[in-house]
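Structure below; questions to follow.
The values are calculated or read from the model by the stated rules, or taken from the named source; none is laboratory data. Just so it is clear, the structure is predicted and the values come from calculations on it, not from any experiment. Note that each Cβ is placed from the backbone with ideal geometry, even for glycine, and that neighbours are counted across all protein chains shown.
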Amino acid sequence: MPAVNENLVWEVRAFVYRHFVETTRPPTVDAAAAHAGVSADDAADLYRELHQRHALFLEPGTVSVRMANPFSAIPTPFRVHARGKTYWANCAWDALGISAALRCDAVVEAECADCGSPMTLTVRDGEVGDHGEVVHFLVPFGRWYDDLVFT
């Protein structure tokens, strides 16, 4: 097996994140291949490598990006409105992470995991508006990758 080109691995990761920020969606393997100047098979291998390193999370059995934390490629109960776009976050923590990653104010629309009630959080100047909300993590951090979709 050939050695992994570390610069290319991290360039593709950066491309995935830039694409998410610009479009709210992850790039396809073909788009990553075109960006990196490699074949689609090589780009797929780079996606798999990033998945192995927990730098991306692929849909099981595919090379489609499901998560590039804090961004989600699929609709979730956590919508983040920032910079005139709506992003999906994987969880409450990631919803706040999108605002932090973009370094901008945001409005988070979410649903209470316990009762399903709608909630709205605002982030202004790096501070979360306080309305008494509580974030509870059912799974300890060290076990998140046991089942990342559930977590």
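Residue under question is His81, and the condition is that it be assigned by TED's automatic domain parsing to the domain that holds Ala14, touching a strand residue (DSSP E or B) at 6+ places or on another chain (Cβ under 7 Å) and surrounded by fewer than 19 Cβ atoms within 10 Å (Cβ to Cβ); does it hold?
It is false that His81 is assigned by TED's automatic domain parsing to the domain that holds Ala14, touching a strand residue (DSSP E or B) at 6+ places or on another chain (Cβ under 7 Å) and surrounded by fewer than 19 Cβ atoms within 10 Å (Cβ to Cβ).
Further question on the same structure: For the stretch 49-57, check the following and say yes or no: at least one residue is touching a strand residue (DSSP E or B) at 6+ places or on another chain (Cβ under 6 Å) and assigned to a strand (DSSP E or B).
yes
I would also like to ask the following. For the stretch 28-43, state whether one or more residues are in contact with a strand residue (DSSP E or B) (Cβ under 7 Å, 6 or more places away or on another chain), touching a residue at least 12 places away in the same chain (Cβ under 8 Å) and not basic (Lys, Arg).
Scanning the stretch 28-43, I find no residue that is in contact with a strand residue (DSSP E or B) (Cβ under 7 Å, 6 or more places away or on another chain), touching a residue at least 12 places away in the same chain (Cβ under 8 Å) and not basic (Lys, Arg), so the answer is no.
Right, next: Restricting attention to the stretch 55-96, which residues are free of Cβ contacts under 8 Å to residues at least 12 places away in the same chain and touching a Leu at 6+ places or on another chain (Cβ under 9 Å)?
Leu58
Can you tell me which residues in the stretch 7-26 are among the acidic types (Asp, Glu) and either modelled with pLDDT under 95 or within 20 Å of His81 (Cα to Cα) (or both)?
Residue satisfying the conditions is Glu22 alone.
Let me ask another. Could you look through the stretch 79-94, keep only residues that are at pLDDT 95 or above, hydrophobic (A, V, I, L, M, F, W, C) and within 14 Å of the chain's Cα centre (by Cα), and pick out the one that is nearest to Asp105 (Cα to Cα)?
Taking the candidates together, the pick is Val80.
Of the residues Thr62, Thr76, Thr122, which is among the polar types (S, T, N, Q) and touching a Gly at 6+ places or on another chain (Cβ under 7 Å)?
Being among the polar types (S, T, N, Q) and touching a Gly at 6+ places or on another chain (Cβ under 7 Å) holds for just one of Thr62, Thr76, Thr122, which is Thr122.
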